[in-house]
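First comes the structure, then the notes that go with it.
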Amino acid sequence: MSKLDPIVVAQLDALLADENNPVTVLSNASAVLNAAMPDLNWCGFYLYSARTNTLDLGPFQGQVACMHIQPGRGVVGTSYAKKRSLIVPNVHEFAGHIACDSASNSEVVVPLQVGDRVVGILDIDSPTLDRFTEEEQAILEQAATVIAKYLDAEALATVY
Ligand code: SME
């Protein structure tokens, strides 16, 4: 059963309406999702930098995290390379998992797509094994679509 109420999608849409600063959008989006889901230890974003061809740490809630991840590396880089969301029930069994916070045991990642470009990855970690359901994954995909609607890719590219 999902522990994430689908109303979070409408809440994000209402909160972010008229906002076009990507740092502002992503900061509050990470706060909303972190508050909406129990049993998390990290919730935030990695944004793709075309300058360095890396996924760079963006707004988040949680402990200090890795700052740069290469496409194809770890859970985040795999989601970026495959351009799809992914549930990892046990991160210790995921080849190449990047351990930023030793408390993490399971993880879900969802791409943020603006037009035909994946501009970043929503990354959520839990200390509980097998924490994330497919139902929550589907809700998070809808949340990512709403968040991406308020992302100005050109403004993002001035930072990342
Ligand atoms: N575990 C991720 C790295 C990011 S942290 O979880 C915040 C990965 O393997 O890509």
How many residues are more than 12 Å from the chain's Cα centre (by Cα), within 11 Å of the ligand (Cβ to nearest atom) and among the hydroxyl-bearing types (Ser, Thr, Tyr) if we restrict to the stretch 54-95? 1
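Within the stretch 1-96, which helices (runs of 4 or more DSSP H) (wholly inside it) include 3 or more residues that are out of contact with any helix residue (DSSP H, G or I) (no Cβ under 9 Å at 6 or more places or on another chain)? Break it down into steps so the answer makes sense when it comes.
Numbers: elements: 7-16, 22-36, 74-82.
Answer list for the stretch 1-96: 22-36, 74-82.
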Starting from the stretch 51-66, take each residue that is over 14 Å from TYR80 (Cβ atoms) and aromatic (Phe, Trp, Tyr) and list its partners that are near the ligand (Cβ under 8 Å from one of its atoms) and assigned to a strand (DSSP E or B), counting only C-beta distances under 7 angstrom and pairs at least six apart or across chains. PHE60/TRP42; PHE60/GLY44
Please enumerate the residues belonging to the stretch 139-160 that are in a helix (DSSP H, G or I) and of a type in the set (A, V, I, L, M). ILE139, LEU140, ALA143, ALA144, VAL146, ILE147, ALA148, ALA153, ALA155, LEU156, ALA157, VAL159
For residues that are more than 13 Å from the ligand (Cβ to nearest atom) and of a type in the set (Gly, Ala, Ser), tally how many sit in the stretch 114-132. 1
From LEU33, LEU47, grab the single residue that is touching a strand residue (DSSP E or B) at 6+ places or on another chain (Cβ under 7 Å), within 19 Å of ASP116 (Cα to Cα), more than 12 Å from the ligand (Cβ to nearest atom) and among the hydrophobic types (A, V, I, L, M, F, W, C). LEU47
Against the condition within 22 Å of VAL9 (Cα to Cα) and of a type in the set (Lys, Arg), how does ARG131 come out, does it pass? yes
Looking only at the stretch 96-113, filter to residues that are at pLDDT below 95 and surrounded by fewer than 18 Cβ atoms within 10 Å (Cβ to Cβ); which one of those is nearest to the ligand (Cβ to nearest atom)? ILE98
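The values are calculated or read from the model by the stated rules, or taken from the named source; none is laboratory data. Here the structure is a predicted model, which means the values were calculated and not measured. When we count neighbours, we look across all protein chains shown, and the Cβ atoms used for this are built from the backbone with ideal geometry, even at glycine.
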